[in-house]
Amino acid sequence: MMLKTTEPLNATNKPTAVRLPRYAQVIRDLPPGDYPYTKLLPELRKSPALKRIAPDPVVRRLLLRQAQVLLCGDRGYAFVDVEVPRVVLSERYYHEGNDLDLYLDLVHELTHLRQIQQGFDLWDDRFAYVDRPTEVEAYAVAVAEGRRLGMSISDVRTHLDNPWMSASDVDRLLEHIENFLAFGSLPNLDAALTGATFVVRHPWRCPPATPLIRAAGRKR
């Protein structure tokens with residue numbers, strides 16, 4: 001999960017700007033609220049990243065139909081509220097973040113939503129952050145898509161470099177990512193699916209009972 005909650009946004013440390021295709025362009029003028037995921041990325045169905053997240057077309061359609069994003073808060077970046085489940089996206093990051101980073105982070109978090117359906121514990125403390133199969137896969141999806149859109153080696157490393165990771169952590173994460181993209185191998189995969197407890201964490205809190213705002217603007 002993208003939990004960069006301790007550092008201010010700094011565009012100089014973000015990947016090189018690239019021209020994003022329409023399916024990667026996030027709608028950036030929404031007020032705080034709870035939205036269908038496709039309200040933010042209405043053309044994501046055309047993204048190659050979505051097929052990497054969910055190769056099965058039936059799973060893919062169901063994932064997009066059920067995915068929600070809660071837009072709120074003036075801190076952090078994004079995480080998954082596993083109790084709902086839904087993506088929680090910082091309103092500040094939504095308005096101020098780099099276009100490419102925001103798209104890749106939303107793709108990253110959508111990967112987590114699919115993993116929850118498979119029974120993974122996203123906050124599994126039995127493994128270091130960079131050794132969790134859930135994080136390796138989610139970062140790998142984002143890195144593969146970023147590279148396809150024009151990110152350089154340096155850009156990729158900058159995208160992965162977070163305040164809670166050392167340089168050696170980033171190196172290890174990159175090694176895991178390359179192994180997954182080349183061979184489909186994830187660290188600790190079998191162990192992650194056995195004996196995991198359901199851990200709930202909220203890096204920041206949002207107002208409760210926010211109504212779902214549908215694409216047509218109606219409240220449920």
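So the values come out like this:
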item	result
Choice from 169, 105, 56 with maximal GNM fluctuation in the chain (Cα, 10 Å cutoff)	56
In Å, descending, principal axis extents of the Cα set of the range 59-167	35, 33, 28
Simple Cβ-charge dipole of the chain, Lys/Arg +1 and Asp/Glu -1, about Cα centre, in debye nearest 20	1180
Expected 222 nm ellipticity per residue - DSSP helices of 4 or more, -39500 (n - 2.57), all of the chain, to 500	-12500 deg cm²/dmol
Largest-first principal axis extents of the Cα set of the range 41-97 (Å)	36, 25, 16
The chain - Kirkwood radius from inverse mean 1/r over Cα pairs (Å)	17.6
From the C-alpha gyration tensor of the range 92-140, square roots of 5λ in Å	23, 12, 9
Local net charge near residue 21, Cβ-Cβ under 15 Å (Lys/Arg +1, Asp/Glu -1)	+4
Among beta bridges that DSSP assigns inside the chain, antiparallel share in %, nearest 5	70
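Read-outs: derived from the displayed coordinates by stated rules, not from any lab. Keep in mind the model is a prediction, meaning the values are calculated, not measured. Here Cβ is always computed from backbone atoms with ideal geometry, including for glycine, and neighbour counts include all displayed protein chains.
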